[in-house]
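Colleague: Please see the structure below; I have some questions.
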Amino acid sequence: MTDPRITADCIFCKIVRGEIPAKKAHEDELVLAFHDVRPQAPVHLLVIPKQHVPTLYDTAAGHEKALGRMLAIAGELARKEGAADGFRTIINTGRVGHQEVYHVHMHVLGGPDPLGPMLSRAKFGGATRSG
Ligand code: AMP
């Protein structure tokens, strides 16, 4: 039976279906976590809902359980994978957010050393802000 919630062309749906390989870090009935193929930190995981949802603009009440699970497992996953002293989660959305893959995913980034700044402050005069 065809599941209309899973799109044929989405690369992350293909990972969910096992059609392309991924180094999995966690899987349950709602979410899948796997290592990013182009890591930007010693620990770089992607946590996705198994159901295809293109962006955070497309989420609704029915997605709350999977979205909650993504956050609920992040700390345990990060610790297990070697980010035991802090990590960063990022969800990029749309053009402005530089989203490359249109299936909601949460980056989990960390490692032994502090990460760089989240965003550059210079453009918005953040350096001049006080308090
Ligand atoms: P974003 O810019 O937030 O959409 O990030 C998409 C991420 O997916 C990038 O960090 C890519 O390196 C990663 N990525 C793309 N294809 C794969 C794949 N087949 N397996 C693992 N990670 C992937």
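Colleague: Could you check region 97-124 and list, in sequence order, the residues that are among the hydroxyl-bearing types (S, T, Y) and within 17 Å of the chain's Cα centre (by Cα)? So that I can check it myself, show each step before the final result.
Modeller: From region 97-124, those among the hydroxyl-bearing types (S, T, Y) are 102, 120; that's our starting set.
Result: Y102, single match.
Colleague: Still on this model: Quick one: in region 34-73, of everything that is more than 11 Å from the ligand (Cβ to nearest atom) and in a strand (DSSP E or B), which residue is nearest to the chain's Cα centre (by Cα)?
Modeller: Per the stated criteria, the residue is V47.
Yes/no matrix, rows are residues, columns are (1) buried (at least 18 other Cβ atoms within 10 Å of the Cβ); (2) small (G, A, S); (3) modelled with pLDDT under 95:
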position: V31; (1), (2), (3): yes, no, no
position: R38; (1), (2), (3): no, no, no
position: V47; (1), (2), (3): yes, no, no
position: A61; (1), (2), (3): no, yes, no
position: A66; (1), (2), (3): yes, yes, no
position: M70; (1), (2), (3): yes, no, no
position: G75; (1), (2), (3): no, yes, no
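Colleague: I'm told K24 meets every condition in (1) within 11 Å of the ligand (Cβ to nearest atom); (2) under 14 Å from the mean Cα position of the chain (by Cα); (3) among the basic types (K, R); (4) within 18 Å of Y102 (Cα to Cα) except one. Can you identify the failing condition by its number?
Modeller: Failed condition: (4).
Colleague: Additional query: Exactly one of (1) modelled with pLDDT of 95 or more; (2) charged (D, E, K, R); (3) more than 11 Å from the ligand (Cβ to nearest atom); (4) in a loop (DSSP other than H, G, I, E, B) is unmet by E19. Its number?
Modeller: (3)
Colleague: Could you tell me whether any residue of region 117-131 is surrounded by fewer than 18 Cβ atoms within 10 Å (Cβ to Cβ), of a type in the set (D, E, K, R) and assigned to a helix (DSSP H, G or I)? If you could, list the steps in order and put the result at the bottom.
Modeller: Just the residues of region 117-131 that are surrounded by fewer than 18 Cβ atoms within 10 Å (Cβ to Cβ), to begin with: 117-131.
Subset that is of a type in the set (D, E, K, R): 121, 123, 129.
If we keep only those that are assigned to a helix (DSSP H, G or I) too, we end up with 123.
Looking through region 117-131, at least one residue is surrounded by fewer than 18 Cβ atoms within 10 Å (Cβ to Cβ), of a type in the set (D, E, K, R) and assigned to a helix (DSSP H, G or I).
Colleague: Can you say whether P112 is touching a residue at least 40 places away in the same chain (Cβ under 8 Å) and out of contact with any strand residue (DSSP E or B) (no Cβ under 7 Å at 6 or more places or on another chain), as far as the supplied structure shows?
Modeller: Details: touching a residue at least 40 places away in the same chain (Cβ under 8 Å): yes; out of contact with any strand residue (DSSP E or B) (no Cβ under 7 Å at 6 or more places or on another chain): yes.
Yes: the conditions hold for P112.
The values are calculated or read from the model by the stated rules, or taken from the named source; none is laboratory data. Keep in mind that what you see is a predicted model, and the values were worked out from it rather than measured. A quick note on method: Cβ atoms are made from the backbone with ideal geometry, for glycine too, and the neighbour counts reach across all protein chains shown.
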